[in-house]
Amino acid sequence: MEDGGTRKRQRRTHRIVDRLITEDTGVRPTSAGPRVCESTGCHESTRGVKPYCPLHVAQMPYVARIIARQNSREHELSCADNSRTISHNGILAAEFLRWLRSGAVSIPRMARNMSVDINVAVHIANALKRARKIRLTPNTRGVDVAELR
Ligand SMILES: [Zn+2]
């Protein structure tokens, strides 16, 4: 039985897959004609240019990678919400560091960039600070600003 969260996740995965395929092929998934799923024994039609139906789309290696990555990120997020522990080597930390490559970012701004709760951004920042990967300096309004060190 799927819960609402799973369905929401699948819809998001499909949006990401659509975008990647559009970038890959230059064809908008919605503008292509119907196809039949390439998974053995499956006769479902696929959405647009996707070679597999929604049930089998994870057979595409890069889709499998996206789903695995998304699941790990969500797992880290739920850990951050529940136990307040977050790895400075995890996916969220890597994402945080990536945003800092182009310059210093305030914590509230980082939370918006990463689409995470402000408290999660604070936890990630503290983990990275403890690992001596970033510096946190309050700006003139007393808001912490993160930068790579
Ligand atoms: Zn199929």
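The values are calculated or read from the model by the stated rules, or taken from the named source; none is laboratory data. Here the structure is a predicted model, which means the values were calculated and not measured. With ideal geometry, Cβ positions are generated from the backbone for all residues, glycine too; neighbour counts draw on all protein chains shown.
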Given the criteria modelled with pLDDT under 80 and more than 16 Å from the ligand (Cβ to nearest atom), does Val49 qualify?
no
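This table checks each residue for (1) within 16 Å of the ligand (Cβ to nearest atom); (2) of a type outside the set (D, E, K, R).
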{"position": "Pro54", "(1), (2)": "yes, yes"}
{"position": "Gln59", "(1), (2)": "yes, yes"}
{"position": "Ile86", "(1), (2)": "no, yes"}
{"position": "Leu97", "(1), (2)": "no, yes"}
{"position": "Lys133", "(1), (2)": "no, no"}
{"position": "Leu136", "(1), (2)": "no, yes"}
What are the residues in segment 94-135 that are within 14 Å of the chain's Cα centre (by Cα) and touching a residue at least 40 places away in the same chain (Cβ under 8 Å), if any?
Phe96
In segment 65-83, how many are under 15 Å from Arg19 (Cα atoms) and either within 16 Å of the ligand (Cβ to nearest atom) or not in a helix (DSSP H, G or I) (or both)?
1
Here is a list: Arg112, Arg132, Arg73. Which entry is of a type in the set (Lys, Arg) and in contact with a Leu (Cβ under 7 Å, 6 or more places away or on another chain)?
Arg73
If I filter segment 11-25 for residues that are away from the ligand (no atom under 14 Å from the Cβ), assigned to a helix (DSSP H, G or I) and either modelled with pLDDT of 80 or more or in contact with an Asp or Glu (Cβ under 8 Å, 6 or more places away or on another chain) (or both), do I get at least one hit?
no
Segment 114-146: number of residues that are on the phi < 0 side of the Ramachandran plot, outside any strand (DSSP E or B), surrounded by fewer than 15 Cβ atoms within 10 Å (Cβ to Cβ) and of a type outside the set (Ser, Thr, Tyr)
8
For segment 96-128, how many residues meet the condition of being modelled with pLDDT of 95 or more, of a type outside the set (A, V, I, L, M, F, W, C) and out of contact with any helix residue (DSSP H, G or I) (no Cβ under 7 Å at 6 or more places or on another chain)?
6
Check whether at least one residue in segment 80-100 is farther than 30 Å from Thr6 by Cβ and either surrounded by 18 or more Cβ atoms within 10 Å (Cβ to Cβ) or in contact with a strand residue (DSSP E or B) (Cβ under 7 Å, 6 or more places away or on another chain) (or both), and report yes or no.
yes
